[in-house]
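Engineer: Dumping the structure here so I can ask a few things about it.
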């Protein structure tokens, strides 16, 4: 009889992203499911990675991250947001943003605690909470705009609530928070010990001239927040798995107490390359190319039977409805679309705890133009079923 190991969370053994990417590979489908680009990173960034290895940046970096990278982040945030950050005590480099989110939850939660998750939500949030012995309290955003109903959030808060995780720009919907959202949140958690985890990995991928409002710009919330970022999303190098957490010195100490025994150190040559890259003068805003891709994709989707929701304000993703095409459950439809028409997407029900099915798919438009054209040509052939 095999040894039974403890089940640390209630999520599926294999995520929908793995399932759909595997199905795409099996059927030679165009993969618009997972959020990774299929175009090359900037040549300068490639050269800097080689330079790092050539110049001896091949051993362990300090636990909190290379000083040159933490300094570069500090300068970058001052330039873009006019925020002052202590490079030594408030920034921790991590092996990806998902790792940083888990570590932040681990710094906050004890068995029996509760954490509020606004859904649809990135699939790691709830398992992260459960792996720490806590309970996820799910509060649905208001479709189709996916705005927050603050009365619902207020009703979900009790004495066991220790954390609220928010995500802006939002995956999978592309919605973004405004100043009023942060103020509403501040009023709810004032005079409590509730901590905030702010997942801002797409913060530089916002479109149509809209600003990103960070939790770090709200002085009251900043003192109780872990803000999470990802270089992989910004520079289209998701395989490098480099992210970072910005938090007050006090919170960073708690974060690092765990981080030092989880990974301790993060890819040194990649840290060097990113540090040199982000401080170069005249670096083009990274959202320009992605906004063009979003616009191109939306234009092409007019020739398909899918109905696009409001155009995404940020992220790699655009939601589309297949309600006029099929009555199938969205997961079944996404699998059918992959096998029959050769285009892989993600069913939005996968982002809900109760698998809410609004007949929506998430499309990733962070692809080469020829990829988007080929995918939409296939989607234009889709017939009602």
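The values are calculated or read from the model by the stated rules, or taken from the named source; none is laboratory data. Note that the structure is a prediction, hence the values are computed from the model and not measured. All Cβ positions, even for glycine, are placed from backbone atoms using ideal geometry, and neighbour counts span all protein chains on display.
Engineer: What are the residues in segment 240-255 that are assigned to a loop (DSSP other than H, G, I, E, B) and over 20 Å from the mean Cα position of the chain (by Cα), if any?
Structural biologist: Within segment 240-255, just 248 meets the criteria.
Engineer: So, residue 132, is that one assigned by TED's automatic domain parsing to the domain that holds residue 274 and surrounded by fewer than 19 Cβ atoms within 10 Å (Cβ to Cβ) or not?
Structural biologist: So residue 132 does not fit the description; no.
To keep it simple, each residue is scored yes or no on (1) touching a residue at least 24 places away in the same chain (Cβ under 8 Å); (2) in a helix (DSSP H, G or I); (3) closer than 30 Å to residue 69 by Cβ; (4) assigned by TED's automatic domain parsing to the domain that holds residue 93.
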position	(1), (2), (3), (4)
166	yes, no, yes, yes
173	yes, no, no, yes
183	yes, yes, no, yes
192	yes, no, no, yes
210	yes, no, yes, yes
229	yes, no, yes, yes
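Engineer: Here is a further query. Check residue 110 against each of (1) part of a loop (DSSP other than H, G, I, E, B); (2) surrounded by fewer than 22 Cβ atoms within 10 Å (Cβ to Cβ); (3) in contact with a helix residue (DSSP H, G or I) (Cβ under 9 Å, 6 or more places away or on another chain) and name the one condition it does not meet.
Structural biologist: Only one criterion is unmet by residue 110, namely (3).
Engineer: Moving to a separate point now. Among residues belonging to segment 119-135 that are outside any loop (DSSP other than H, G, I, E, B) and touching a strand residue (DSSP E or B) at 6+ places or on another chain (Cβ under 8 Å), point out the one that is farthest from residue 228 (Cα to Cα).
Structural biologist: 135
Engineer: Okay, next question. Return the pairs, sorted by first residue and then second, in which the second residue is in a helix (DSSP H, G or I), the first residue lies in segment 323-343 and is under 17 Å from residue 307 (Cα atoms), the beta carbons are less than 6 Å apart, and the residues are 6+ apart or on different chains.
Structural biologist: The qualifying pairs are 326/333; 330/349; 343/337; 343/375; 343/378; 343/379.
Engineer: A further question on this structure: Can you go through 258, 188, 274 and tell me which one is more than 30 Å from residue 56 (Cβ to Cβ), in a helix (DSSP H, G or I) and at pLDDT 95 or above?
Structural biologist: 188
Engineer: If you don't mind, another one. Within segment 3-17, can one find any residue that is at pLDDT below 95, over 26 Å from residue 267 (Cα atoms) and not in a loop (DSSP other than H, G, I, E, B)?
Structural biologist: yes
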